[in-house]
1. Classify the range 2-209: rounded, prolate or oblate, from the alpha-carbon gyration tensor (a ≥ b ≥ c, eigenvalue square roots; a/c under 1.5 rounded; otherwise prolate if a/b is larger than b/c)?
2. In which sequence would THR286, THR60 go, from the one with the fewest C-beta neighbours within 10 Å to the one with the most?
3. I'd like the distance separating the alpha-carbon centroids of the range 58-106 and the range 221-236, in whole Å.
4. With a 10 Å Cβ neighbour count serving as the proxy for reagent exposure, in which order, fewest first, do GLU211, GLU278, GLU246 appear?
5. List the residues whose amide H sits under 5 Å from the amide H of ASP233, counting only those 5 or more places along or on another chain, with H placed 1.01 Å from N in the peptide plane.
6. Could you list the chymotrypsin sites (Phe, Trp or Tyr not before Pro) in the range 74-131 that lie in coil according to DSSP, counting only those with at most 13 other Cβ atoms within 10 Å of their Cβ?
7. Can you tell me the FRET efficiency between ARG77 and HIS239 if r is taken as the Cβ-Cβ distance and R0 is 22 Å, rounded to the nearest 0.05?
8. Using a Förster distance of 35 angstrom, determine the FRET efficiency expected from the C-beta separation of VAL24 and THR261, and round it to 0.05.
Amino acid sequence: MSGEHDLGSAVGSGRAKRLGVAIVLNVGIVVAQIAAGVVAGSVGLLADAAHNLTDVLAITVALVAVRLTRWPTNPQRSFGFHRATVLAALFNAASILAVCVYVVVEATQRLADPEPVEGGIVVAFAALGAVFNAAAAYVVTDHSRDLNMRGARLHLVSDAATSVAVAACGLVMVVTGGWYWLDPAVALVISAVIGWQGWKLARSAADILLEGTPEGLDPESVAATIEAVDGVDAVHHLHAWSLSSEVRALSAHLVVTGHPTLEQAQVVATRVKDVLAERWSIEHATLELECEPCSLDPACQAEPSSAGRRHA
């Protein structure tokens, strides 16, 4: 158990360092792009700066969440603070959607009455933003299922894409000496794309907070896996949920073969837990062992104490 804790601390420490680097990169981008957007009169560049400003806040929240997961468990928080990363992901998704709404409103107003834009300044600072955001996105990428890191990466990748599109717009305006409507138009398109990604992130976070079945886990297949274990006759009252995007939990009633001793029943439970961890990446399994199936009536579910029933 100590090895798992050490590994989790090492992973959390590495993520914290990467998020810290991303924060530093984004603070510089925000200051530069706000100043350049005001001078150039570009709503696209200001929208890009707004996205980057939310990045600073979002990555800070992600960093706090990572540090919370490294706190030890206690009687009030027996599972620790795993849900902190999910809350951070939900916050980041909400901030992405809020910024998208703001940009859509501003861009719609500007589209109705396009104003001259200094394309050269837009190209230079949007390209700078793209480089810094791409670098920050690369830094925070860890190829995990963690929603918190996914939320931070989504912020950075979306801003890098925004910066590239804004730079392309600025280049067109420099070449044509006009086409100022492109500036708000591209802001609208980018906001729609990023908003959709933000919505998907929010939905994933909400599924975990509502204790839905983890993505990619089929309860019937899990039940079949358990029933295939030697010593198990049947499984029922199976529930699977997520403590975080990377930590899965399960509870179930198992009907064991015959009338085993407590020691024999524990051996069966250990086999089941090993299979669940290996096949389905379920780290926390609470199993109730029965010699006979309990009644399916509500009273049995409310009072699960009867002869021949063991916990593991």
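1. Judged from the Cα gyration tensor, the range 2-209 comes out prolate (a/c at least 1.5, a/b above b/c).
2. So the residues, fewest neighbours to most, are THR286, THR60.
3. Each part reduced to its Cα centre gives a spacing of 36 Å.
4. Neighbour counts put them in this order, fewest first: GLU278, GLU211, GLU246.
5. Those qualifying (amide H under 5 Å, at least 5 residues apart or on another chain) are VAL255, VAL256, THR257.
6. PHE79
7. Computed FRET efficiency for ARG77 and HIS239: 0.60.
8. 0.05
Bear in mind that the values in this text are calculations on the coordinates, not laboratory data. Here the structure is a predicted model, which is why all the values come from computation and not from measurement. No Cβ is skipped: glycine too gets one built from the backbone with ideal geometry, and neighbour counts run over all protein chains shown.
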